[in-house]
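Q: Mind looking over this structure? Questions follow.
The values are calculated or read from the model by the stated rules, or taken from the named source; none is laboratory data. Quick caveat: nothing in here was measured; it's all calculated off a predicted structure. In this analysis, Cβ positions are derived from the backbone assuming ideal geometry, glycine residues included, and neighbour counts consider all displayed protein chains. Only protein heavy atoms, including side chains, enter the accessible area calculation; ligands, DNA and RNA are left aside. Shrake-Rupley method; radii C 1.70, N 1.55, O 1.52, S 1.80 Å.
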Amino acid sequence: MKKLVVILTVGLMVLGGLFAGGAGEKESGKQLVIYSPNTDKEVELIIPAFEKSTGISVEIISGGTGEMVSRINAEKENPQADVLWGGMDYSVYVSNPDLWEEYVSPNVTCIPDEYMMLNGYYTTYCLVGDSVFILNTEVLSDLGLSVSDIKGYQDLLRPELKGWIAMADPTSSSSAYRELTTMLLDMGSEPYSDDAWDYVEAFINQLDGKLLSSSSAVYKNTADGEYAVGVSYEDPCVSLMEDGAENIALVYPEEGAKWAPGCAAIIKNAPNMESAKAFIDYLLSDEAQTLYTELTMRPIDITKAPKSIYMPSLNDIKLSFEDSEIVATRKDEFSARWTELYSKTM
C-alpha cells in the first residue's frame, strides 16, 4: 500500500463543499484519532462518510504499519490515538498483545465464519487478495507462451519462465510472506508440509537468483516488461488495469487463491473510546461495506460484489483459507527456511 507520513484532517483533505452539510453535526466536539497505513483513496472514501454519519471529527495520522505499531507501543502509558485502521492482523496482535482493547461490534454478523477474528481484540472489515499472478502478455508471447498456459502455481515451474518470474523477499515484505504461505497452503499433500516446501524450493530455482526488495517492484516491473509473471496481490494489479494498462492480465491460481482479512483494532485505553467503538461499528455497517465495493479490495460482506470489471466474483475462484495462528507463530521458522533454500541458488 502507498504510505504517507503526514498528519491530515478530513476537513482539509476533502475539496469543495461536498461535505459542508456535515459541518454542523461535528460541533458536538466528538473526536477520533486514527493511525493508519491505508491508501489515500480508502481514507478519502470512508472517513468523510463516517464523519457525516456520526458527527465525529476525525484526525488521520498515516504511516507504515510497523511505524504505527511502534508509535502505539511508545505511547502505551499515555495513548495519543484511538484506532489502528488497517495493517492489523493476528501476527500484530500476538507480537503486541497488551496494546489493544477488547471490543466485539454488534455488526460482526456480516463477517463470514472463515474470516472471523480469532479473538475480540481486532475486527475484520475487508478482504485483500493475497495471491494473484500479474502476467505481461507481450513478454509471455516472446517466450512462446500465452495467458492460457499459466493457470496456477504448477505452471510457474515451466522451463520457459526461469528468470522471468518477479517475487519480492518474503523475509522483508509482508505481502510476499503471505504469497509464500499461500504456496505452503496449496502445494503440498498437507498445508505447510515438507512436500509443500519441495515446491517452494523448485519455485526459488525458477527465480534464477532474482529477488525483488519490495512488493510494488513486482507488479510495476512486470507491467514494464522486465518479467513475464509477477507473484503479487490483487489490489495494485487491478488498479493498473483500471488505469488503462493493456499489456497485463490477472490469473488467480487454480490450486487456490487466498484473501487476507483487513483488520482494525481499538488501542488500549483509547482517549476517545466511544468514538473508537463507533468507528469499528461503522466499518461493518451496510453503508461502509457498500462503499468498499468501489475500491480494489473487497468488502468483508461477501454478498456485496466489487464494482470493478477486473475483479471476478469469489464464487468463480477456488478459495483457500489459511490457519492465521500457524502463519503468525511460525513466521520466523518459515522465513529462515526460505532464506536457507534461496541461499543455495546464490
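Q: Give the residues of the range 169-190 that are assigned to a loop (DSSP other than H, G, I, E, B), open to solvent by less than 30 Å² (accessible area, probe 1.4 Å) and among the hydroxyl-bearing types (Ser, Thr, Tyr), sorted by residue number.
A: Once the filter is applied, which keeps residues that are assigned to a loop (DSSP other than H, G, I, E, B), open to solvent by less than 30 Å² (accessible area, probe 1.4 Å) and among the hydroxyl-bearing types (Ser, Thr, Tyr), the range 169-190 yields only Ser173.
Q: Regarding the range 105-117, can at least one residue be identified that is of a type in the set (Ser, Thr, Tyr), open to solvent by 20 Å² or more (accessible area, probe 1.4 Å) and under 19 Å from Thr290 (Cβ atoms)?
A: The answer is yes; a qualifying residue exists.
Q: Consider Ala166 against the criteria (1) open to solvent by 10 Å² or more (accessible area, probe 1.4 Å); (2) under 23 Å from the mean Cα position of the chain (by Cα): it satisfies all of them except one. Which criterion is unmet?
A: Single failed check for Ala166: (1).
Q: Another question about this same structure. So how many residues does the range 257-302 have that are of a type outside the set (Asp, Glu) and either free of Cβ contacts under 8 Å to residues at least 40 places away in the same chain or assigned to a helix (DSSP H, G or I) (or both)?
A: 15
Q: Which residue, of Thr181, Thr222, is among the hydroxyl-bearing types (Ser, Thr, Tyr) and out of contact with any strand residue (DSSP E or B) (no Cβ under 6 Å at 6 or more places or on another chain)?
A: It is Thr181.
Q: Search the range 110-136 for residues that are free of Cβ contacts under 8 Å to residues at least 12 places away in the same chain and pair each with any residue that is open to solvent by less than 10 Å² (accessible area, probe 1.4 Å) when their beta-carbon atoms are under 9 Å apart and the residues are at least 6 apart or on different chains.
A: Close Cβ pairs (under 9 Å, with a partner that is open to solvent by less than 10 Å² (accessible area, probe 1.4 Å)) amount to Met116/Thr124.
Q: Tell me, please, whether a residue that is open to solvent by 60 Å² or more (accessible area, probe 1.4 Å), within 29 Å of Asp198 (Cα to Cα), touching a Lys or Arg at 6+ places or on another chain (Cβ under 9 Å) and modelled with pLDDT under 95 can be found in the range 312-326.
A: yes
Q: Looking at (1) surrounded by fewer than 18 Cβ atoms within 10 Å (Cβ to Cβ); (2) part of a helix (DSSP H, G or I), can you tell me which one Asp235 breaks?
A: The failed condition is (1).
Q: Tell me, yes or no, whether the range 153-163 has at least one residue that is among the hydrophobic types (A, V, I, L, M, F, W, C), open to solvent by 30 Å² or more (accessible area, probe 1.4 Å) and under 30 Å from Asp281 (Cα atoms).
A: Checked the range 153-163: no residue is among the hydrophobic types (A, V, I, L, M, F, W, C), open to solvent by 30 Å² or more (accessible area, probe 1.4 Å) and under 30 Å from Asp281 (Cα atoms).
Q: Using the structure shown, decide if Ser193 is of a type in the set (S, T, N, Q), surrounded by fewer than 19 Cβ atoms within 10 Å (Cβ to Cβ), touching a helix residue (DSSP H, G or I) at 6+ places or on another chain (Cβ under 9 Å) and at pLDDT 95 or above.
A: Yes.
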